[in-house]
1. Between F39 and I88, 0.36 nm times their residue separation minus their Cα-Cα distance comes to what?
2. Stretched out fully, how many nm does the piece from E145 to W63 gain, at 0.36 nm a residue minus the Cα gap?
3. Compute the relative contact order of the range 12-160 as a whole-number percentage, counting only Cα pairs closer than 8 Å that sit 6 or more residues apart in sequence.
4. So if I place +1 on the C-beta of Lys and Arg and -1 on the C-beta of Asp and Glu, and nothing else carries charge, what would the dipole magnitude of the chain be about its Cα centre? I want it in debye, nearest 20.
5. Starting from 0.36 nm per residue, how many nanometres of slack lie between S125 and S98 once their C-alpha separation is accounted for?
6. Between D138, D149, D127, find the one with the highest GNM mean-square fluctuation for the chain; connect C-alpha pairs within less than 10 Å.
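None of the figures in this text is laboratory data; all of them are computed from the coordinates on show. This one's a predicted model, so the numbers in the text were calculated from it and none came from an experiment. No Cβ is skipped: glycine too gets one built from the backbone with ideal geometry, and neighbour counts run over all protein chains shown.
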Amino acid sequence: MRLASITLVLFVYWLLLSGHTEPWLVASGAVCAVAVTLFGLRMGYADAEGHPIGLVPRGFVYWPWLAKEIVMSALNVARLILDPKLPISPTLIRTRASQKTPTGQVVYANSITLTPGTISVELHSRDREILVHAISRDAAEGLAEGEMDRRVTWFEQGPA
C-alpha cells in the first residue's frame, strides 16, 4: 500500500509539473515514478517514517489549523516590526514534546519553526524536549500554553 501510494504521488507530481499528456511521455513518467519508488525502497526512505501515509486523514484537519496559526503569527511579527518602539524580547525556552514517535516530535518542531516568530533550535528526542527561540515573550507564552503540542499529538495518532 505504501509503495503504491509513493508511486502515485510521484507520478501525479510529475504529471502536474510537466503538463504533458502524450501517451509516450505519460508512460515514461509512470515508469520513472516506479523506478524512483524502487530506488527509494532500496535506499530506505520508503518506510513508515519516510512516507507516513497514515497521517494524511488527520492532516486535513491539522494543516488548515497550522496555516491559520502561521498567518496569525506572521501578522503579530509584522506588528512587532512596524511598531516604532520595536517591542521585541528575544527568549529561549524549553518546551516538552508529548509526542511518542520521532515523526511526531519532528512534526511538532517543524510546526514551531514554520510559525513566524519562533524557531526550533534543538530537539532532544530521548528527553522529549525542544529548545525554542521566540522573538517575544508573548510568542513564548503562546507556545507554553500547549495548544500546538496537543494538536500535533492528536495528529500523530494516525487514521481517524
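1. Working: separation 49, 0.36 × 49 = 17.64 nm, distance 4.77 nm.
Once the chain is fully extended between F39 and I88, it gains 12.9 nm.
2. On the way: separation 82, 0.36 × 82 = 29.52 nm, distance 1.94 nm.
Gain on extension, E145 to W63, equals 27.6 nm.
3. 26
4. Working: 14 positive and 14 negative charges, 28 e Å.
Around 140 debye, computed over the chain.
5. 8.7 nm
6. Between D138, D149, D127, it is D127 that shows the largest mean-square fluctuation.
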